[in-house]
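First the structure, in the form of structure tokens, and then the observations on it.
The values are calculated or read from the model by the stated rules, or taken from the named source; none is laboratory data. These figures come from a predicted structure and were not determined experimentally. Positions of Cβ are generated from backbone atoms using ideal geometry, with glycine treated the same way; all protein chains shown enter the neighbour counts. Each accessible area value is taken on the protein alone, full model and side chains, heavy atoms only, with ligands, DNA and RNA left out. Shrake-Rupley method; radii C 1.70, N 1.55, O 1.52, S 1.80 Å.
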Amino acid sequence: MSIATRNGTPVDAPVSPPKVVRQRRVRPGLLGLAVLLIALGGLGAAFAVTSVRATGSYLAVARPVEVGREISASDLLTVQVAGGQGLRPVPANRMDEVIGKRAAVALVPGTLLTLGQVTDDPLLGPGQQQIALGLKTAQVPARDLHPGDKVLLVSTPDDNADASPASAGTRFTATVIDTVSPADDEKVLYLALTVRDVPAVVALAAQERIAVVLTEAA
């Protein structure tokens, strides 16, 4: 009890009770959730760092390999790649499984090798030969061609007035083995063609008198 004065005379007065600040109770469930989120965040960061830093030995292409050619050990080299698991390259310890197989597509030096780029299947059927046609973009279908697509090679009219009308519109069936685009307006088609049709197609291609029509997608 405190002593107060009124006009200099002591008077008894009640003392105000101290204010008590109520503490907010922390729900155990929310506290546990916060701890769990912090732990998961730390694990996620650790996993990300580990994934980025993880390296592996994989096979890469050492020199150009044409479509259909058998792959040898000298065509490959071993490289260390960080995070290469997502790229699905061939591990270096599986080199023996690759050597002796054929290139299903043109292999470019400096690129990682994948199993989809090699094959055991023959790329040429009986009585077929492989040819390469360098064409302008306007001479091939707008859709990108893929290995296995069936195409029709059609001869176009000759600008020479002396050319026979019968020479135009000749058709040849072929199968796409691979395609390469060395420039924006150029495409190289690797085709499987019947042996008897090869000379005529090569001659038409040299005269730039051939167009490609897609007849069946792989």
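Being modelled with pLDDT of 85 or more, under 18 Å from residue 137 (Cα atoms) and touching a Phe, Trp or Tyr at 6+ places or on another chain (Cβ under 6 Å) narrows it down to one of 204, 153, 189, so name that one. Walk me through it before giving the result.
Numbers: 204 fails: touching a Phe, Trp or Tyr at 6+ places or on another chain (Cβ under 6 Å); 189 fails: touching a Phe, Trp or Tyr at 6+ places or on another chain (Cβ under 6 Å).
Going through 204, 153, 189 in turn, just one is modelled with pLDDT of 85 or more, under 18 Å from residue 137 (Cα atoms) and touching a Phe, Trp or Tyr at 6+ places or on another chain (Cβ under 6 Å): 153.
Which numbered condition in (1) within 19 Å of the chain's Cα centre (by Cα); (2) assigned to a strand (DSSP E or B) is the only one that residue 133 fails?
Against the list (1) within 19 Å of the chain's Cα centre (by Cα); (2) assigned to a strand (DSSP E or B), residue 133 comes up short only on (1).
Out of (1) under 30 Å from residue 208 (Cα atoms); (2) assigned to a helix (DSSP H, G or I), what's the single condition that is false for residue 97?
Going through (1) under 30 Å from residue 208 (Cα atoms); (2) assigned to a helix (DSSP H, G or I) one by one, residue 97 breaks only (1).
Whether any residue in the range 102-114 is open to solvent by 40 Å² or more (accessible area, probe 1.4 Å), out of contact with any Leu (no Cβ under 8 Å at 6 or more places or on another chain) and not in a loop (DSSP other than H, G, I, E, B) is what I want to check.
The answer is no; no qualifying residue exists.
Residues in the range 163-178 that are at pLDDT 80 or above and either in contact with a Pro (Cβ under 8 Å, 6 or more places away or on another chain) or more than 13 Å from residue 133 (Cα to Cα) (or both): how many?
Step one: of the range 163-178, the residues at pLDDT 80 or above are 170-178.
Now restrict to residues that are either in contact with a Pro (Cβ under 8 Å, 6 or more places away or on another chain) or more than 13 Å from residue 133 (Cα to Cα) (or both): 170-173, 176-178.
Here the count works out to 7.
Can you work out which of the residues in the range 209-218 that are in a loop (DSSP other than H, G, I, E, B) and under 33 Å from the mean Cα position of the chain (by Cα) is modelled with the highest pLDDT?
Restricting attention to the range 209-218, the residues satisfying the condition of being in a loop (DSSP other than H, G, I, E, B) are 209, 217-218.
Keeping just the survivors that are under 33 Å from the mean Cα position of the chain (by Cα) gives 217-218.
Numbers: 217: 83, 218: 71.
Here the residue is 217.
Scanning the range 50-64 for residues that are at pLDDT below 90 and among the aliphatic types (A, V, I, L, M), which turns out least open to solvent (accessible area, probe 1.4 Å)?
54
Select, from 178, 158, the only residue that is acidic (Asp, Glu), part of a strand (DSSP E or B) and surrounded by 13 or more Cβ atoms within 10 Å (Cβ to Cβ).
Values: 158 fails: part of a strand (DSSP E or B).
Testing whether each residue is acidic (Asp, Glu), part of a strand (DSSP E or B) and surrounded by 13 or more Cβ atoms within 10 Å (Cβ to Cβ) leaves just 178.
So which of 100, 110 is free of Cβ contacts under 8 Å to residues at least 60 places away in the same chain and under 17 Å from the mean Cα position of the chain (by Cα)? Full working, then the answer.
Numbers: 100 fails: under 17 Å from the mean Cα position of the chain (by Cα).
Going through 100, 110 in turn, the sole match is 110.
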